[in-house]
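Engineer: First the structure, then my questions, so here it is.
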Amino acid sequence: MWCLARMLPLTIGDLIPVDDKHWENFLRLLKVEEIVFAPRTSVQLAAYLAVLTEEYLAEFSELHDRRMIPKQHYLVHYPRQIVR
């Protein structure tokens, strides 16, 4: 599934309108995944991950008009675990 998510922008990215908020949030999630699965990270990258996660979760709840599921909430804790 992760491979499909990573290849999707390359295959259909040019077909998506520039101002599509759902697509922008999906791309933000891909950035979050890239940092979380990175073999090496830094404190600065963890801080950037915290900002990206906050933006992703806020935009997700606004776009879909529902609360996040616990699995999404766990993203909030990743930056602290990376620093640890």
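The values are calculated or read from the model by the stated rules, or taken from the named source; none is laboratory data. Since this is a predicted model, take the numbers as computed values, not measurements. No Cβ is skipped: glycine too gets one built from the backbone with ideal geometry, and neighbour counts run over all protein chains shown. Quick note on the areas: whole protein, heavy atoms, side chains included, nothing else; ligands and nucleic acids left out. Shrake-Rupley method; radii C 1.70, N 1.55, O 1.52, S 1.80 Å.
Engineer: If only one of His77, His22 is open to solvent by 60 Å² or more (accessible area, probe 1.4 Å) and at pLDDT 95 or above, which one is it?
Structural biologist: His22
Engineer: Mind checking which pairs have a first residue in the range 1-26 that is assigned to a helix (DSSP H, G or I) and a second that is open to solvent by 50 Å² or more (accessible area, probe 1.4 Å) and modelled with pLDDT of 95 or more, Cβ under 7 Å, 6 or more apart or different chains?
Structural biologist: Correct list of pairs: Pro9/Leu27.
Engineer: Can you name the residue in the range 1-56 that is of a type in the set (S, T, N, Q) and within 13 Å of Tyr78 (Cβ to Cβ) and, of all such residues, is farthest from the chain's Cα centre (by Cα)? Break it down into steps so the answer makes sense when it comes.
Structural biologist: From the range 1-56, those of a type in the set (S, T, N, Q) are 11, 25, 41-42, 44, 53; that's our starting set.
Subset that is within 13 Å of Tyr78 (Cβ to Cβ): 41, 53.
Details: Thr41: 16, Thr53: 6 Å.
In this case the residue turns out to be Thr41.
Engineer: Which of the residues spanning the range 40-62 are aliphatic (A, V, I, L, M), touching a residue at least 24 places away in the same chain (Cβ under 8 Å) and either open to solvent by 50 Å² or more (accessible area, probe 1.4 Å) or assigned to a loop (DSSP other than H, G, I, E, B) (or both)? Step through it out loud before you land on a result.
Structural biologist: Taking the range 40-62 first, the residues aliphatic (A, V, I, L, M) are 43, 45-47, 49-52, 57-58.
Subsequent filtering for residues that are touching a residue at least 24 places away in the same chain (Cβ under 8 Å) retains 43, 45-47, 49-50, 52.
Once the filter is applied, which keeps residues that are aliphatic (A, V, I, L, M), touching a residue at least 24 places away in the same chain (Cβ under 8 Å) and either open to solvent by 50 Å² or more (accessible area, probe 1.4 Å) or assigned to a loop (DSSP other than H, G, I, E, B) (or both), the range 40-62 yields Val43, Leu45, Ala47.
Engineer: Right, next: Return yes or no: is Leu29 touching a Lys or Arg at 6+ places or on another chain (Cβ under 6 Å), part of a helix (DSSP H, G or I) and surrounded by 12 or more Cβ atoms within 10 Å (Cβ to Cβ)? I'd like the intermediate steps shown before the answer.
Structural biologist: Details: touching a Lys or Arg at 6+ places or on another chain (Cβ under 6 Å): no; part of a helix (DSSP H, G or I): yes; surrounded by 12 or more Cβ atoms within 10 Å (Cβ to Cβ): yes.
Against the criterion (touching a Lys or Arg at 6+ places or on another chain (Cβ under 6 Å), part of a helix (DSSP H, G or I) and surrounded by 12 or more Cβ atoms within 10 Å (Cβ to Cβ)), Leu29 does not qualify.
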